[in-house]
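Working notes for the structure below.
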Amino acid sequence: MTTPGAVVGTGVALRPVRDAIVVGIAVAFALFTLYAVFIDQGALLAPLLGKLSFDNNFVHEFAHDARHVAGAPCH
């Protein structure tokens, strides 16, 4: 029988590590999203579409209005 307030199991020691991993993934996803919206000019899709990606700027056109709302210049 355990006393009230006693820690049972080893899952408690891993909670800070799990939280750090989740935060790290969230930060990486946020930075990737910022790159895709504000900086990318076709390079993100170039491995899939080749030169067509640079000519049409699919990601740029998809995020075009978001750039203007956020105050980022894009042309």
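The values are calculated or read from the model by the stated rules, or taken from the named source; none is laboratory data. These numbers come from a predicted model, not from an experiment. Every residue, glycine as well, gets a Cβ built from its backbone with ideal geometry; the counts of neighbours run over all protein chains shown. Areas reflect the complete protein model, heavy atoms only, side chains present, ligands, DNA and RNA absent. Shrake-Rupley method; radii C 1.70, N 1.55, O 1.52, S 1.80 Å.
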For region 57-65, Karplus-derived ³J(HN,Hα) couplings (6.51, -1.76, 1.60; θ = phi - 60°; whole Hz; x for glycine and proline) come out as 6, 4, 5, 4, 5, 5, 9, 4, 5
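Exactly which chymotrypsin sites (Phe, Trp or Tyr not before Pro) in region 15-75 are in a DSSP loop and have at most 11 other Cβ atoms within 10 Å? All intermediate terms of the calculation are to be shown ahead of the outcome.
On the way: sites: Phe29, Phe32, Tyr35, Phe38, Phe54, Phe58, Phe62; in loops: none.
Passing both the DSSP loop test and the Cβ count: no residue.
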Whole-percent carbon and sulfur contribution to the accessible surface of region 17-61 (1.4 Å, no ligands, DNA or RNA) stands at 77 percent
